[in-house]
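A.B. asks: One structure, as structure tokens, below. Some questions next.
The values are calculated or read from the model by the stated rules, or taken from the named source; none is laboratory data. Fair warning: this is a prediction, and the values are worked out from it, not measured in the lab. Neighbour counts run over all protein chains shown; Cβ positions are idealised from the backbone, glycine included.
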Amino acid sequence: MTLKKNILITGGAGFIGSHLVRLFVNKYPNYQIINMDVLTYAGNLENLKDIEDKENYTFIKCDICDIEKVKKVFLDYKIDSVIHLAAESHVDRSIEDPFSFAQTNVMGTLSLLQAAKEYWDTDFTNKLFYHVSTDEVYGSLGQEGFFTEETAYDPHSPYSASKASSDHFVRAFADTYGMPTVISNCSNNYGSYQFPEKLIPLFINNIINNKPLPVYGKGENVRDWLFVNDHVRAIDVIFHDGKLGETYNIGGFNEWKNIDLIKLLIRVVDKHLGRVRGTSEKLITFVADRAGHDVRYAIDATKLKDELGWEPSLQFEEGIDETVKWYLNHTDWLQNITSGAYTKYYEDMYNL
Ligand code: NAD
Ligand code: DAU
């Protein structure tokens, strides 16, 4: 039987957070999971319908920047561990509105750190502040090489600059106050429940609806894709067995040029829709490049593999097939989420 814990998961109504909450609620009946989320456009309680009535689960609507409310949650629920995912997470939005990224990602993280420090006082026994971060803090690679845990920070977008800053604050609390912390930096995730502003769900939705597929630049940028269930499995392993003060890179060992990935997506969606192979390639539309577009991300996740035994479980083609099937079977979820404010965002962003 595992030790009892009261775990605050922030951002649990979002894409990765909802997968993590589901995993922990089902796998650890001894843990009380407190999901703190303010429900921005990206947060959706529909994502957690299947576990919302479980006894070891509580949802609290709260802005992580509201430090007085956050402090009260620590006190009321006797929080001993934090897994912090709440963030503004979309690079394109950060280019339009950098301030909200600084506010949530930097000030929100600081508010959680401060609340944890005050509540835990100096008794850090069996306490942990786990910060979930991104490989984008390392900047951009050329044709060669990988990001390791020692790669110097070199963020380019307002999003990655805000995440880099939050990582620095977490390390500062460890060094200055002795706060027990761990950080993981992960590559691009894909899977069910991802908001359709990110490449994979956006393009699946557009292929279904015969809408243009807006490819930035020449489509030659490279990303390292990881199935979201593998990311949350890694968080589980690091949460339980990671060494305090350490950083772990998480990646899929799975690099794809955007245009090749898009052609694969088209093949898989067309197959499931019963369309002739390649029909939807005509939807590919090259558009102006993203400002400051990082050329290539690739994670070296050897440390996580060697020290904690984690490896990705799925071949990419299998994960994409599963993901496409999920979106095709959940068109109601897609329709709900893409009504209202999404339409305005899409029109302003793409003009297509
Ligand atoms: P997401 O945008 O899908 O979800 C973010 C969640 O945070 C939403 O539920 C939103 O309502 C909540 N939130 C936002 N601002 C908040 C605030 N002020 N107070 C409380 N809740 C707030 O994001 P995601 O893709 O699930 O990413 C989760 C975390 O993982 C982020 O920290 C992100 O930087 C990191 N990450 C994401 C990826 C990826 O590929 N998606 C990869 C590596 C790391
Ligand atoms: O690497 C981890 C990061 O991955 C996370 O920290 C971020 O939260 C997450 O959003 C993701 O960032 P990216 O910018 O890499 O993901 P996105 O899905 O926005 O874009 C993936 C690639 O596809 C990127 O090179 C830009 C390109 N793209 C994206 C969109 C939305 C297009 O060509 N057209 C598009 O319409």
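A.B. asks: If you check Asp348, Asp321, Asp306, which single one turns out to be away from ligand 2 (no atom under 15 Å from the Cβ) and exposed (fewer than 11 other Cβ atoms within 10 Å of the Cβ)? Break it down stepwise before answering.
C.D. replies: On the way: Asp348 fails: away from ligand 2 (no atom under 15 Å from the Cβ); Asp321 fails: exposed (fewer than 11 other Cβ atoms within 10 Å of the Cβ).
The unique qualifying residue is Asp306.
A.B. asks: Further question: Of the residues that sit in the range 309-318 and are over 23 Å from Leu273 (Cβ atoms) and in contact (Cβ under 8 Å) with a residue 24 or more places away in the chain, which one is surrounded by the fewest Cβ atoms within 10 Å (Cβ to Cβ)? Let's see the steps before the verdict.
C.D. replies: So the first thing to find is which residues in the range 309-318 are over 23 Å from Leu273 (Cβ atoms), and the list is 309-313.
Restricting the remaining residues to those that are in contact (Cβ under 8 Å) with a residue 24 or more places away in the chain gives 309-310, 312-313.
Working: Gly309: 9, Trp310: 21, Pro312: 22, Ser313: 11.
By that ranking, first place goes to Gly309.
A.B. asks: Check every one of the helices (runs of 4 or more DSSP H) wholly within the range 252-351 and list those with 3 or more residues that are farther than 29 Å from His156 by Cα and out of contact with any Cys (no Cβ under 6 Å at 6 or more places or on another chain).
C.D. replies: On the way: elements: 258-273, 302-308, 316-329, 331-337, 341-350.
Once the helices (runs of 4 or more DSSP H) in the range 252-351 are filtered for at least 3 residues that are farther than 29 Å from His156 by Cα and out of contact with any Cys (no Cβ under 6 Å at 6 or more places or on another chain), what remains is 258-273, 302-308, 316-329, 331-337.
A.B. asks: So in the range 45-54, with the set limited to residues that are in contact (Cβ under 8 Å) with a residue 12 or more places away in the chain and surrounded by fewer than 20 Cβ atoms within 10 Å (Cβ to Cβ), which one is farthest from ligand 2 (Cβ to nearest atom)? Break it down stepwise before answering.
C.D. replies: Here is the first cut: in the range 45-54, the residues in contact (Cβ under 8 Å) with a residue 12 or more places away in the chain are 45-48, 50-51, 54.
Among the residues that remain, those that are also surrounded by fewer than 20 Cβ atoms within 10 Å (Cβ to Cβ) are: 45-46, 50-51, 54.
On the way: Leu45: 21, Glu46: 20, Asp50: 24, Ile51: 24, Lys54: 28 Å.
Result: Lys54.
A.B. asks: Looking at the range 1-12 only, could you name the residues that are part of a strand (DSSP E or B) and within 14 Å of ligand 1 (Cβ to nearest atom)? Break it down stepwise before answering.
C.D. replies: The initial filter retains those residues of the range 1-12 that are part of a strand (DSSP E or B), namely 5-10.
Correct list: Leu8, Ile9, Thr10.
A.B. asks: Here's another thing I want to ask about it. Select, from Glu96, Glu118, Glu68, Glu52, the only residue that is under 30 Å from Val287 (Cβ atoms) and more than 9 Å from ligand 1 (Cβ to nearest atom).
C.D. replies: Details: Glu118 fails: under 30 Å from Val287 (Cβ atoms); Glu68 fails: under 30 Å from Val287 (Cβ atoms); Glu52 fails: under 30 Å from Val287 (Cβ atoms).
Step by step, each of Glu96, Glu118, Glu68, Glu52 is checked, and only Glu96 is under 30 Å from Val287 (Cβ atoms) and more than 9 Å from ligand 1 (Cβ to nearest atom).
A.B. asks: Now for a different question. Can you name the number of the only condition in (1) surrounded by fewer than 21 Cβ atoms within 10 Å (Cβ to Cβ); (2) not in a strand (DSSP E or B) that Thr104 fails?
C.D. replies: Only one criterion in (1) surrounded by fewer than 21 Cβ atoms within 10 Å (Cβ to Cβ); (2) not in a strand (DSSP E or B) is unmet by Thr104, namely (1).
A.B. asks: Only one of Phe169, Phe173 is aromatic (Phe, Trp, Tyr), farther than 27 Å from Glu322 by Cβ and away from ligand 1 (no atom under 15 Å from the Cβ); which? First the steps, then the outcome.
C.D. replies: On the way: Phe169 fails: away from ligand 1 (no atom under 15 Å from the Cβ).
Testing whether each residue is aromatic (Phe, Trp, Tyr), farther than 27 Å from Glu322 by Cβ and away from ligand 1 (no atom under 15 Å from the Cβ) leaves just Phe173.
A.B. asks: Additional query: Consider only pairs whose beta carbons are under 6 Å apart and that are at least six residues apart or on different chains; among these, list those whose first residue lies in the range 85-96 and is in a helix (DSSP H, G or I) and modelled with pLDDT under 95 and whose second residue is of a type in the set (D, E, K, R) and within 10 Å of ligand 2 (Cβ to nearest atom).
C.D. replies: none
A.B. asks: Also, quick follow-up: Give me the pairs: first residue in the range 124-135 and without any contact (Cβ under 8 Å) to a residue 60 or more places away in the chain, second residue away from ligand 2 (no atom under 16 Å from the Cβ) and assigned to a strand (DSSP E or B), beta-carbon distance under 7 Å, and six or more apart or on different chains, which are they?
C.D. replies: Lys127/Ser81; Phe129/Val82; Phe129/Thr181; His131/Thr181
A.B. asks: Here is a further query. Select, from Trp256, Trp225, the only residue that is within 22 Å of Ser313 (Cα to Cα), more than 11 Å from ligand 1 (Cβ to nearest atom) and in contact with a strand residue (DSSP E or B) (Cβ under 9 Å, 6 or more places away or on another chain). Lay out the reasoning, then the answer.
C.D. replies: Working: Trp225 fails: more than 11 Å from ligand 1 (Cβ to nearest atom).
After applying the criteria, what remains is Trp256.
A.B. asks: Check the range 232-246 and report whether any residue there is within 15 Å of ligand 1 (Cβ to nearest atom), surrounded by fewer than 20 Cβ atoms within 10 Å (Cβ to Cβ) and not charged (D, E, K, R).
C.D. replies: yes
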